[in-house]
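Chemist: Here it is: the structure, laid out below.
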Amino acid sequence: MSDLLLKNIKTLYTFNHEEQIIENCDIYVVDGVIKEIGSNLAEKLKRPEKVVDCTGLTGLPGFVNTHHHLYQTLFRGIREVQELPLFPWLKGLYQFWQHIDEDAVYYGAMVGMSELLRTGCTYTADHHYVFPENAEKTLIDKQIMAAREIGIRFHATRGSMSLGEDAGGLPPMRVVQTETEILEDSQRLIDTYHDAGDYAMTRVALAPCSPFSVTASLMKESAKMARKNHVMLHTHLAETKDEERFCIERYGMRPFELMESLEWTGKDVWFAHGIYLNRQEISRLSGSGIAHCPSSNMKLNSGICRTSELVKKNAGIGLAVDGSASNDGSNMLEEVKRMYLLNHLKYGTKGLTAYECLKIATRGGAEVLGRTDTGYIDTSMAADLIFFDLSDIAYAGCHDPLISLVSLGNHSFTRMTIVNGIIVARDGKLTNIDSDMMAEKANRYAQKIVALTREQKQRKVY
Ligand SMILES: [Zn+2]
(Lines give C-alpha, C1' and ligand atoms only; values in the text may rest on other atoms or scores of the structure.)
Protein backbone atom coordinates (compact mmCIF):
# COMPACT_ATOMS: atom_id res chain seq x y z
CA MET A 1 0.00 0.00 0.00
CA SER A 2 1.23 3.51 -0.77
CA ASP A 3 -0.36 6.56 0.79
CA LEU A 4 -0.09 10.31 0.55
CA LEU A 5 -1.41 13.11 2.74
CA LEU A 6 -1.91 16.53 1.18
CA LYS A 7 -2.35 18.88 4.10
CA ASN A 8 -3.43 22.47 4.71
CA ILE A 9 -4.92 23.10 1.23
CA LYS A 10 -6.12 26.71 1.21
CA THR A 11 -9.11 26.30 -1.12
CA LEU A 12 -10.32 23.16 -2.86
CA TYR A 13 -12.67 23.43 -5.86
CA THR A 14 -14.13 19.94 -6.11
CA PHE A 15 -16.65 20.17 -9.00
CA ASN A 16 -18.34 17.21 -7.28
CA HIS A 17 -22.11 16.57 -7.22
CA GLU A 18 -22.61 19.08 -4.40
CA GLU A 19 -20.27 21.57 -6.18
CA GLN A 20 -18.37 21.89 -2.90
CA ILE A 21 -15.72 24.53 -2.41
CA ILE A 22 -13.79 23.61 0.76
CA GLU A 23 -11.52 25.95 2.70
CA ASN A 24 -8.55 24.72 4.76
CA CYS A 25 -8.64 20.98 4.23
CA ASP A 26 -6.51 17.87 3.81
CA ILE A 27 -6.80 15.05 1.29
CA TYR A 28 -5.73 11.51 2.10
CA VAL A 29 -4.86 9.27 -0.85
CA VAL A 30 -4.31 5.50 -0.76
CA ASP A 31 -3.06 3.60 -3.82
CA GLY A 32 -4.04 6.39 -6.19
CA VAL A 33 -7.58 6.83 -4.84
CA ILE A 34 -8.96 9.61 -2.60
CA LYS A 35 -9.91 7.99 0.73
CA GLU A 36 -10.80 11.02 2.79
CA ILE A 37 -11.21 14.79 2.61
CA GLY A 38 -11.33 16.68 5.90
CA SER A 39 -9.43 18.81 8.34
CA ASN A 40 -6.54 17.80 10.60
CA LEU A 41 -6.34 14.31 9.07
CA ALA A 42 -2.71 13.98 10.16
CA GLU A 43 -3.82 13.59 13.78
CA LYS A 44 -5.80 10.45 13.13
CA LEU A 45 -3.54 8.82 10.53
CA LYS A 46 -0.72 6.46 11.38
CA ARG A 47 2.29 8.14 9.76
CA PRO A 48 1.44 8.31 6.05
CA GLU A 49 4.28 7.32 3.73
CA LYS A 50 4.38 10.79 2.19
CA VAL A 51 3.12 14.13 3.51
CA VAL A 52 3.00 17.22 1.29
CA ASP A 53 2.37 20.65 2.76
CA CYS A 54 -0.11 22.54 0.55
CA THR A 55 -0.28 25.69 2.67
CA GLY A 56 -1.52 28.59 0.57
CA LEU A 57 -2.34 26.41 -2.45
CA THR A 58 -5.54 26.28 -4.49
CA GLY A 59 -6.55 22.78 -5.58
CA LEU A 60 -8.68 21.50 -8.46
CA PRO A 61 -9.28 18.22 -10.25
CA GLY A 62 -6.76 17.71 -13.06
CA PHE A 63 -7.67 19.02 -16.50
CA VAL A 64 -8.77 16.50 -19.11
CA ASN A 65 -7.61 16.97 -22.70
CA THR A 66 -10.14 15.36 -25.02
CA HIS A 67 -8.35 15.65 -28.38
CA HIS A 68 -4.75 15.82 -29.52
CA HIS A 69 -2.36 14.59 -32.22
CA LEU A 70 0.77 14.20 -30.14
CA TYR A 71 3.12 13.40 -33.04
CA GLN A 72 2.42 16.88 -34.41
CA THR A 73 4.55 18.43 -31.67
CA LEU A 74 7.48 17.70 -34.02
CA PHE A 75 5.87 19.79 -36.80
CA ARG A 76 5.20 23.16 -35.22
CA GLY A 77 6.00 26.35 -37.06
CA ILE A 78 6.39 24.78 -40.51
CA ARG A 79 6.63 27.96 -42.58
CA GLU A 80 5.18 26.41 -45.78
CA VAL A 81 1.75 25.93 -44.14
CA GLN A 82 1.73 28.20 -41.13
CA GLU A 83 -0.99 30.60 -42.27
CA LEU A 84 -3.23 28.23 -44.27
CA PRO A 85 -6.81 27.04 -43.54
CA LEU A 86 -7.53 23.35 -42.79
CA PHE A 87 -7.62 21.61 -46.20
CA PRO A 88 -4.48 23.19 -47.80
CA TRP A 89 -2.81 23.09 -44.35
CA LEU A 90 -3.39 19.33 -44.15
CA LYS A 91 -2.27 18.71 -47.74
CA GLY A 92 0.98 20.56 -47.05
CA LEU A 93 1.60 18.70 -43.79
CA TYR A 94 0.89 15.18 -45.13
CA GLN A 95 4.17 15.60 -47.07
CA PHE A 96 6.05 15.87 -43.76
CA TRP A 97 3.97 13.41 -41.76
CA GLN A 98 4.52 10.57 -44.22
CA HIS A 99 8.05 10.25 -42.80
CA ILE A 100 7.13 9.63 -39.16
CA ASP A 101 8.26 6.40 -37.51
CA GLU A 102 8.23 4.81 -34.04
CA ASP A 103 10.90 7.13 -32.66
CA ALA A 104 9.21 10.27 -33.93
CA VAL A 105 5.90 9.15 -32.40
CA TYR A 106 7.54 8.31 -29.07
CA TYR A 107 9.42 11.61 -28.72
CA GLY A 108 6.46 13.60 -30.07
CA ALA A 109 4.29 12.01 -27.38
CA MET A 110 6.86 12.79 -24.69
CA VAL A 111 6.96 16.46 -25.70
CA GLY A 112 3.17 16.87 -25.79
CA MET A 113 2.56 14.93 -22.58
CA SER A 114 5.25 16.96 -20.80
CA GLU A 115 3.55 20.20 -21.78
CA LEU A 116 0.20 18.84 -20.68
CA LEU A 117 1.35 17.65 -17.24
CA ARG A 118 3.17 20.90 -16.48
CA THR A 119 0.06 22.93 -17.28
CA GLY A 120 -2.40 20.84 -15.26
CA CYS A 121 -3.64 18.06 -17.53
CA THR A 122 -3.76 14.69 -15.79
CA TYR A 123 -5.68 12.71 -18.41
CA THR A 124 -5.32 13.03 -22.14
CA ALA A 125 -6.78 11.47 -25.23
CA ASP A 126 -4.84 11.27 -28.44
CA HIS A 127 -5.99 10.79 -32.03
CA HIS A 128 -3.25 9.12 -34.03
CA TYR A 129 -4.29 8.51 -37.62
CA VAL A 130 -1.08 8.69 -39.72
CA PHE A 131 0.44 5.27 -40.45
CA PRO A 132 2.93 5.75 -43.33
CA GLU A 133 3.46 2.68 -45.53
CA ASN A 134 7.13 2.38 -44.55
CA ALA A 135 6.72 2.93 -40.81
CA GLU A 136 6.59 0.24 -38.14
CA LYS A 137 3.09 -0.95 -37.24
CA THR A 138 3.49 -0.22 -33.54
CA LEU A 139 3.17 3.58 -33.45
CA ILE A 140 0.36 3.66 -30.87
CA ASP A 141 2.25 1.12 -28.74
CA LYS A 142 5.02 3.74 -28.52
CA GLN A 143 2.58 6.41 -27.36
CA ILE A 144 1.26 4.13 -24.65
CA MET A 145 4.84 3.37 -23.59
CA ALA A 146 5.54 7.12 -23.34
CA ALA A 147 2.36 7.70 -21.28
CA ARG A 148 3.33 4.97 -18.84
CA GLU A 149 6.86 6.29 -18.44
CA ILE A 150 5.83 9.90 -17.87
CA GLY A 151 2.84 8.97 -15.67
CA ILE A 152 -0.19 10.51 -17.44
CA ARG A 153 -3.60 8.84 -17.65
CA PHE A 154 -4.04 8.07 -21.34
CA HIS A 155 -6.92 7.38 -23.73
CA ALA A 156 -5.26 6.23 -26.94
CA THR A 157 -7.35 6.09 -30.08
CA ARG A 158 -6.59 3.95 -33.10
CA GLY A 159 -7.09 6.52 -35.83
CA SER A 160 -7.18 5.68 -39.51
CA MET A 161 -7.36 7.01 -43.07
CA SER A 162 -8.74 4.81 -45.85
CA LEU A 163 -9.96 7.35 -48.42
CA GLY A 164 -6.94 8.57 -50.39
CA GLU A 165 -6.62 11.09 -53.21
CA ASP A 166 -7.21 8.42 -55.88
CA ALA A 167 -10.69 7.77 -54.46
CA GLY A 168 -11.69 11.42 -53.96
CA GLY A 169 -10.30 11.86 -50.43
CA LEU A 170 -7.77 14.40 -49.16
CA PRO A 171 -4.68 12.43 -48.03
CA PRO A 172 -2.02 11.05 -50.41
CA MET A 173 -2.10 7.26 -50.97
CA ARG A 174 1.21 6.83 -49.06
CA VAL A 175 -0.53 7.49 -45.74
CA VAL A 176 -3.79 5.57 -46.20
CA GLN A 177 -4.30 1.93 -45.23
CA THR A 178 -6.71 -0.79 -46.28
CA GLU A 179 -9.77 -1.42 -44.13
CA THR A 180 -8.51 -4.91 -43.28
CA GLU A 181 -5.16 -3.57 -42.02
CA ILE A 182 -6.91 -0.91 -39.95
CA LEU A 183 -9.46 -3.23 -38.37
CA GLU A 184 -6.93 -5.95 -37.56
CA ASP A 185 -4.65 -3.46 -35.82
CA SER A 186 -7.63 -1.91 -33.98
CA GLN A 187 -8.55 -5.30 -32.53
CA ARG A 188 -4.90 -5.97 -31.60
CA LEU A 189 -4.66 -2.69 -29.69
CA ILE A 190 -7.93 -3.25 -27.84
CA ASP A 191 -6.89 -6.79 -26.88
CA THR A 192 -3.42 -5.69 -25.78
CA TYR A 193 -4.02 -2.42 -23.97
CA HIS A 194 -7.66 -1.51 -23.25
CA ASP A 195 -8.44 -1.53 -19.54
CA ALA A 196 -12.19 -1.25 -18.90
CA GLY A 197 -11.80 -1.21 -15.12
CA ASP A 198 -12.13 1.69 -12.67
CA TYR A 199 -9.07 3.94 -12.38
CA ALA A 200 -7.69 2.57 -15.68
CA MET A 201 -4.51 4.33 -16.75
CA THR A 202 -4.82 3.13 -20.37
CA ARG A 203 -7.89 2.91 -22.54
CA VAL A 204 -8.29 2.49 -26.28
CA ALA A 205 -10.94 3.92 -28.62
CA LEU A 206 -11.43 3.64 -32.39
CA ALA A 207 -11.11 6.83 -34.41
CA PRO A 208 -11.42 6.96 -38.21
CA CYS A 209 -10.01 10.40 -38.99
CA SER A 210 -12.72 12.50 -40.66
CA PRO A 211 -15.48 12.37 -43.31
CA PHE A 212 -12.99 13.47 -45.99
CA SER A 213 -10.31 10.86 -45.25
CA VAL A 214 -12.19 7.63 -44.50
CA THR A 215 -14.80 5.56 -46.29
CA ALA A 216 -18.34 5.20 -44.96
CA SER A 217 -17.85 1.45 -44.77
CA LEU A 218 -14.82 1.85 -42.46
CA MET A 219 -16.91 4.11 -40.22
CA LYS A 220 -19.60 1.40 -40.02
CA GLU A 221 -17.16 -1.44 -39.40
CA SER A 222 -15.31 0.59 -36.74
CA ALA A 223 -18.60 1.26 -34.94
CA LYS A 224 -19.48 -2.43 -35.02
CA MET A 225 -16.07 -3.40 -33.64
CA ALA A 226 -16.13 -0.70 -30.95
CA ARG A 227 -19.58 -1.76 -29.72
CA LYS A 228 -18.66 -5.42 -29.72
CA ASN A 229 -15.61 -4.61 -27.57
CA HIS A 230 -17.29 -1.89 -25.44
CA VAL A 231 -14.79 0.81 -26.40
CA MET A 232 -15.56 4.38 -27.48
CA LEU A 233 -15.62 6.01 -30.93
CA HIS A 234 -14.03 9.30 -31.92
CA THR A 235 -13.65 11.40 -35.07
CA HIS A 236 -13.32 14.99 -36.33
CA LEU A 237 -16.70 16.48 -37.16
CA ALA A 238 -18.22 19.77 -38.31
CA GLU A 239 -14.86 21.54 -38.13
CA THR A 240 -15.02 23.68 -41.29
CA LYS A 241 -17.33 24.87 -44.04
CA ASP A 242 -15.08 22.96 -46.52
CA GLU A 243 -15.92 19.71 -44.69
CA GLU A 244 -19.64 20.56 -44.79
CA ARG A 245 -19.46 21.16 -48.56
CA PHE A 246 -17.53 17.89 -49.01
CA CYS A 247 -20.20 15.89 -47.15
CA ILE A 248 -23.08 17.50 -49.03
CA GLU A 249 -21.40 16.91 -52.40
CA ARG A 250 -20.25 13.34 -51.70
CA TYR A 251 -23.04 12.01 -49.47
CA GLY A 252 -25.91 14.48 -49.92
CA MET A 253 -25.91 15.05 -46.15
CA ARG A 254 -24.53 17.50 -43.63
CA PRO A 255 -21.65 16.08 -41.51
CA PHE A 256 -23.82 15.29 -38.48
CA GLU A 257 -26.57 13.75 -40.65
CA LEU A 258 -23.87 11.51 -42.10
CA MET A 259 -22.93 10.42 -38.57
CA GLU A 260 -26.57 9.67 -37.79
CA SER A 261 -26.88 7.59 -40.96
CA LEU A 262 -23.78 5.58 -39.92
CA GLU A 263 -25.08 5.08 -36.35
CA TRP A 264 -22.25 7.18 -35.03
CA THR A 265 -24.17 8.90 -32.22
CA GLY A 266 -24.66 8.06 -28.55
CA LYS A 267 -22.81 8.24 -25.26
CA ASP A 268 -19.96 6.12 -26.63
CA VAL A 269 -19.06 8.70 -29.30
CA TRP A 270 -17.17 11.99 -29.04
CA PHE A 271 -16.46 14.44 -31.84
CA ALA A 272 -13.58 16.88 -32.15
CA HIS A 273 -14.70 20.48 -32.87
CA GLY A 274 -18.47 20.37 -33.55
CA ILE A 275 -18.44 23.98 -34.80
CA TYR A 276 -20.93 23.60 -37.65
CA LEU A 277 -23.67 21.84 -35.73
CA ASN A 278 -26.95 23.71 -36.06
CA ARG A 279 -29.45 24.06 -33.20
CA GLN A 280 -31.47 21.01 -34.23
CA GLU A 281 -28.32 18.91 -34.51
CA ILE A 282 -27.19 19.99 -31.04
CA SER A 283 -30.47 18.71 -29.65
CA ARG A 284 -30.00 15.40 -31.52
CA LEU A 285 -26.49 14.66 -30.18
CA SER A 286 -27.98 11.84 -28.06
CA GLY A 287 -25.20 11.87 -25.52
CA SER A 288 -22.29 12.25 -27.97
CA GLY A 289 -19.68 14.62 -26.56
CA ILE A 290 -17.80 17.51 -28.17
CA ALA A 291 -14.08 18.17 -27.77
CA HIS A 292 -13.91 21.96 -27.99
CA CYS A 293 -10.56 23.18 -29.42
CA PRO A 294 -10.51 27.00 -29.15
CA SER A 295 -6.88 27.68 -30.14
CA SER A 296 -6.98 25.39 -33.15
CA ASN A 297 -10.29 26.87 -34.30
CA MET A 298 -8.86 30.38 -34.10
CA LYS A 299 -5.51 29.50 -35.65
CA LEU A 300 -7.02 27.72 -38.67
CA ASN A 301 -9.85 30.27 -38.94
CA SER A 302 -12.29 27.36 -38.70
CA GLY A 303 -15.08 29.12 -36.76
CA ILE A 304 -16.45 29.39 -33.20
CA CYS A 305 -18.08 26.45 -31.43
CA ARG A 306 -21.55 27.05 -29.91
CA THR A 307 -20.24 26.36 -26.42
CA SER A 308 -22.99 28.13 -24.47
CA GLU A 309 -25.73 26.39 -26.45
CA LEU A 310 -24.06 23.03 -25.81
CA VAL A 311 -23.93 23.75 -22.08
CA LYS A 312 -27.55 24.97 -22.05
CA LYS A 313 -28.69 21.78 -23.79
CA ASN A 314 -26.71 19.65 -21.30
CA ALA A 315 -24.67 18.20 -24.15
CA GLY A 316 -21.32 16.66 -23.23
CA ILE A 317 -18.53 19.16 -23.75
CA GLY A 318 -14.85 18.94 -22.89
CA LEU A 319 -11.81 21.03 -23.70
CA ALA A 320 -8.90 20.11 -25.98
CA VAL A 321 -5.63 21.57 -27.20
CA ASP A 322 -5.87 19.72 -30.56
CA GLY A 323 -2.74 18.86 -32.50
CA SER A 324 0.33 20.92 -31.82
CA ALA A 325 0.66 21.89 -35.46
CA SER A 326 -2.66 23.75 -35.25
CA ASN A 327 -2.41 25.33 -31.82
CA ASP A 328 0.70 25.32 -31.54
CA GLY A 329 1.21 24.49 -27.85
CA SER A 330 -0.21 21.79 -25.58
CA ASN A 331 -0.83 24.24 -22.73
CA MET A 332 -4.05 23.25 -20.94
CA LEU A 333 -4.33 26.26 -18.66
CA GLU A 334 -3.83 28.58 -21.62
CA GLU A 335 -6.56 26.64 -23.43
CA VAL A 336 -8.99 27.33 -20.57
CA LYS A 337 -8.20 31.03 -20.87
CA ARG A 338 -8.81 30.95 -24.61
CA MET A 339 -12.08 29.08 -24.19
CA TYR A 340 -13.26 31.76 -21.76
CA LEU A 341 -12.30 34.62 -24.08
CA LEU A 342 -13.59 33.01 -27.28
CA ASN A 343 -16.88 32.21 -25.59
CA HIS A 344 -17.19 35.84 -24.51
CA LEU A 345 -16.38 37.05 -28.01
CA LYS A 346 -19.41 35.07 -29.25
CA TYR A 347 -21.86 35.49 -26.38
CA GLY A 348 -20.79 38.75 -24.75
CA THR A 349 -21.87 39.28 -21.18
CA LYS A 350 -24.08 36.15 -21.35
CA GLY A 351 -20.98 34.01 -21.77
CA LEU A 352 -19.74 31.19 -19.54
CA THR A 353 -18.32 32.00 -16.11
CA ALA A 354 -14.79 31.09 -15.05
CA TYR A 355 -16.30 28.30 -12.90
CA GLU A 356 -18.23 26.88 -15.88
CA CYS A 357 -15.11 26.95 -18.08
CA LEU A 358 -13.05 25.12 -15.44
CA LYS A 359 -15.84 22.58 -15.01
CA ILE A 360 -15.77 21.88 -18.76
CA ALA A 361 -11.97 21.53 -18.61
CA THR A 362 -12.16 18.98 -15.76
CA ARG A 363 -15.38 17.07 -15.14
CA GLY A 364 -16.79 17.88 -18.57
CA GLY A 365 -13.80 16.31 -20.32
CA ALA A 366 -13.83 13.20 -18.14
CA GLU A 367 -17.53 12.65 -18.91
CA VAL A 368 -16.92 13.11 -22.63
CA LEU A 369 -14.32 10.32 -22.37
CA GLY A 370 -16.85 8.11 -20.60
CA ARG A 371 -15.26 8.32 -17.12
CA THR A 372 -16.96 8.54 -13.76
CA ASP A 373 -13.82 7.76 -11.71
CA THR A 374 -11.89 10.96 -12.48
CA GLY A 375 -12.74 14.57 -13.38
CA TYR A 376 -13.94 15.78 -9.97
CA ILE A 377 -12.77 15.57 -6.39
CA ASP A 378 -14.55 13.32 -3.92
CA THR A 379 -13.87 10.20 -1.90
CA SER A 380 -13.44 7.08 -4.07
CA MET A 381 -12.38 9.21 -7.04
CA ALA A 382 -8.96 8.85 -8.64
CA ALA A 383 -6.38 11.16 -7.09
CA ASP A 384 -5.86 13.28 -10.23
CA LEU A 385 -5.25 16.68 -8.68
CA ILE A 386 -3.60 19.98 -9.53
CA PHE A 387 -2.47 22.80 -7.30
CA PHE A 388 -1.69 26.44 -8.04
CA ASP A 389 0.04 29.07 -5.93
CA LEU A 390 -1.92 32.27 -6.35
CA SER A 391 0.23 34.27 -3.92
CA ASP A 392 2.50 35.43 -6.76
CA ILE A 393 2.46 39.14 -7.55
CA ALA A 394 0.80 38.38 -10.89
CA TYR A 395 -2.43 37.54 -9.00
CA ALA A 396 -2.27 40.37 -6.48
CA GLY A 397 -5.44 42.45 -6.18
CA CYS A 398 -7.70 39.76 -7.64
CA HIS A 399 -10.75 38.90 -5.54
CA ASP A 400 -11.72 35.61 -7.19
CA PRO A 401 -9.23 32.70 -7.41
CA LEU A 402 -11.04 31.29 -10.45
CA ILE A 403 -10.74 34.56 -12.34
CA SER A 404 -7.06 34.49 -11.34
CA LEU A 405 -6.76 31.11 -13.05
CA VAL A 406 -8.59 31.95 -16.27
CA SER A 407 -7.56 35.57 -16.77
CA LEU A 408 -4.34 36.31 -14.90
CA GLY A 409 -0.87 34.92 -14.35
CA ASN A 410 2.50 35.23 -16.05
CA HIS A 411 2.97 31.51 -16.65
CA SER A 412 0.88 28.33 -16.79
CA PHE A 413 2.81 25.89 -14.61
CA THR A 414 1.08 24.18 -11.73
CA ARG A 415 2.79 24.13 -8.36
CA MET A 416 2.06 20.41 -8.43
CA THR A 417 0.35 17.92 -10.77
CA ILE A 418 -0.71 14.60 -9.27
CA VAL A 419 -1.87 11.64 -11.39
CA ASN A 420 -3.13 8.45 -9.78
CA GLY A 421 -1.76 9.64 -6.43
CA ILE A 422 1.76 10.29 -7.75
CA ILE A 423 3.38 13.71 -8.08
CA VAL A 424 4.41 13.88 -11.74
CA ALA A 425 5.22 17.59 -12.09
CA ARG A 426 6.31 20.31 -9.69
CA ASP A 427 6.79 23.95 -10.71
CA GLY A 428 7.19 22.95 -14.35
CA LYS A 429 9.67 20.14 -13.65
CA LEU A 430 8.69 16.58 -14.54
CA THR A 431 9.52 14.01 -11.92
CA ASN A 432 9.61 10.83 -14.05
CA ILE A 433 11.67 11.86 -17.08
CA ASP A 434 14.65 13.97 -18.07
CA SER A 435 12.88 16.66 -20.07
CA ASP A 436 16.10 18.28 -21.36
CA MET A 437 17.20 14.99 -22.89
CA MET A 438 13.69 14.43 -24.34
CA ALA A 439 13.67 17.90 -25.89
CA GLU A 440 17.07 17.34 -27.46
CA LYS A 441 16.06 14.01 -28.98
CA ALA A 442 12.69 15.33 -30.15
CA ASN A 443 14.42 18.25 -31.88
CA ARG A 444 16.85 15.89 -33.56
CA TYR A 445 14.05 13.69 -34.99
CA ALA A 446 11.96 16.69 -35.99
CA GLN A 447 14.84 18.34 -37.85
CA LYS A 448 15.75 15.10 -39.61
CA ILE A 449 12.21 14.59 -40.96
CA VAL A 450 11.67 18.20 -41.97
CA ALA A 451 15.06 18.35 -43.76
CA LEU A 452 14.32 15.10 -45.59
CA THR A 453 10.89 16.36 -46.71
CA ARG A 454 12.25 19.68 -47.96
CA GLU A 455 15.08 17.96 -49.79
CA GLN A 456 12.66 15.55 -51.51
CA LYS A 457 10.37 18.42 -52.44
CA GLN A 458 13.27 20.21 -54.06
CA ARG A 459 14.05 17.10 -56.05
CA LYS A 460 10.32 16.92 -56.84
CA VAL A 461 10.03 13.36 -55.53
CA TYR A 462 6.32 13.96 -54.76
ZN1 LIG B 1 -7.64 17.24 -34.61
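The values are calculated or read from the model by the stated rules, or taken from the named source; none is laboratory data. These figures come from a predicted structure and were not determined experimentally. Reconstructed Cβ throughout: ideal geometry from the backbone, glycine too, with neighbour counts over all protein chains shown.
Chemist: In this structure, does residue 72 turn out to be under 26 Å from residue 297 (Cα atoms) and either assigned to a strand (DSSP E or B) or within 16 Å of the ligand (Cβ to nearest atom) (or both)? Don't jump to the end; show me each part of the working.
Modeler: Values: under 26 Å from residue 297 (Cα atoms): yes; either assigned to a strand (DSSP E or B) or within 16 Å of the ligand (Cβ to nearest atom) (or both): yes.
Against the criterion (under 26 Å from residue 297 (Cα atoms) and either assigned to a strand (DSSP E or B) or within 16 Å of the ligand (Cβ to nearest atom) (or both)), residue 72 qualifies.
Chemist: Tally the residues that are more than 16 Å from the ligand (Cβ to nearest atom) and either of a type in the set (A, V, I, L, M, F, W, C) or outside the structural domain of residue 315 (by TED's automatic domain parsing) (or both), restricting the search to the stretch 284-302.
Modeler: Matching residues across the stretch 284-302 total 1.
Chemist: Any idea which of 392, 400, 384, 373 is more than 24 Å from residue 115 (Cα to Cα), more than 16 Å from the ligand (Cβ to nearest atom) and acidic (Asp, Glu)?
Modeler: Going through 392, 400, 384, 373 in turn, just one is more than 24 Å from residue 115 (Cα to Cα), more than 16 Å from the ligand (Cβ to nearest atom) and acidic (Asp, Glu): 400.
Chemist: With respect to residue 18, determine if the residue is of a type outside the set (A, V, I, L, M), modelled with pLDDT of 95 or more, surrounded by fewer than 21 Cβ atoms within 10 Å (Cβ to Cβ) and farther than 21 Å from residue 366 by Cα.
Modeler: Working: of a type outside the set (A, V, I, L, M): yes; modelled with pLDDT of 95 or more: yes; surrounded by fewer than 21 Cβ atoms within 10 Å (Cβ to Cβ): yes; farther than 21 Å from residue 366 by Cα: no.
It is false that residue 18 is of a type outside the set (A, V, I, L, M), modelled with pLDDT of 95 or more, surrounded by fewer than 21 Cβ atoms within 10 Å (Cβ to Cβ) and farther than 21 Å from residue 366 by Cα.
Chemist: Grab the helices (runs of 4 or more DSSP H) fully contained in the stretch 289-389, keeping just those with 2 or more residues being of a type in the set (A, V, I, L, M, F, W, C) and modelled with pLDDT of 95 or more. First the steps, then the outcome.
Modeler: Numbers: elements: 294-299, 307-312, 332-347, 354-359, 365-368.
In the stretch 289-389, 307-312, 332-347, 354-359, 365-368 are the helices (runs of 4 or more DSSP H) which contain 2 or more residues that are of a type in the set (A, V, I, L, M, F, W, C) and modelled with pLDDT of 95 or more.
Chemist: Could you please give the count of residues in the stretch 105-153 that are of a type in the set (Ser, Thr, Tyr) and within 21 Å of residue 331 (Cβ to Cβ)?
Modeler: Going through the stretch 105-153 one residue at a time, the tally reaches 6.
Chemist: Need the failing condition index for residue 411 against (1) touching a helix residue (DSSP H, G or I) at 6+ places or on another chain (Cβ under 9 Å); (2) modelled with pLDDT of 95 or more, just the number.
Modeler: (2)
Chemist: Tell me whether the stretch 78-95 contains one or more residues that are of a type in the set (S, T, N, Q), in contact with a Lys or Arg (Cβ under 9 Å, 6 or more places away or on another chain), more than 16 Å from the ligand (Cβ to nearest atom) and modelled with pLDDT of 95 or more.
Modeler: no
Chemist: Which members of the stretch 274-283 meet the condition of being of a type outside the set (A, V, I, L, M, F, W, C), touching a helix residue (DSSP H, G or I) at 6+ places or on another chain (Cβ under 7 Å) and either within 16 Å of the ligand (Cβ to nearest atom) or part of a loop (DSSP other than H, G, I, E, B) (or both)?
Modeler: 276
Chemist: I'd like to check which helices (runs of 4 or more DSSP H) are fully inside the stretch 77-152 and have at least 3 residues that are touching a strand residue (DSSP E or B) at 6+ places or on another chain (Cβ under 9 Å).
Modeler: Result: 102-118, 139-150.
Chemist: Can you tell me which of (1) under 30 Å from residue 142 (Cα atoms); (2) surrounded by 15 or more Cβ atoms within 10 Å (Cβ to Cβ); (3) of a type outside the set (Lys, Arg) is the one residue 48 doesn't meet?
Modeler: For residue 48, the failing item is (1).
Chemist: Does residue 259 satisfy being closer than 17 Å to residue 127 by Cβ, at pLDDT 95 or above and more than 20 Å from the chain's Cα centre (by Cα)?
Modeler: yes
Chemist: Let me ask you something else. Tell me which of these residue 113 doesn't satisfy, since it passes every other one: (1) within 22 Å of the chain's Cα centre (by Cα); (2) within 16 Å of the ligand (Cβ to nearest atom); (3) not polar (S, T, N, Q).
Modeler: (2)
Chemist: Could you grab me the full set of residues in the stretch 190-240 that are among the small types (Gly, Ala, Ser), within 13 Å of the ligand (Cβ to nearest atom) and closer than 18 Å to residue 290 by Cα?
Modeler: Residues of the stretch 190-240 among the small types (Gly, Ala, Ser): 196-197, 200, 205, 207, 210, 213, 216-217, 222-223, 226, 238.
Then drop every residue that is not within 13 Å of the ligand (Cβ to nearest atom), which leaves 207, 210, 213, 238.
Result: 207, 210, 238.
Chemist: Here is a list of conditions, (1) over 19 Å from the mean Cα position of the chain (by Cα); (2) within 16 Å of the ligand (Cβ to nearest atom), and residue 58 meets all of them except one; can you say which number that is?
Modeler: (2)
Chemist: Okay, next question. Which residue out of 241, 267 is touching a residue at least 40 places away in the same chain (Cβ under 8 Å) and surrounded by fewer than 15 Cβ atoms within 10 Å (Cβ to Cβ)?
Modeler: Answer to the selection: 241.
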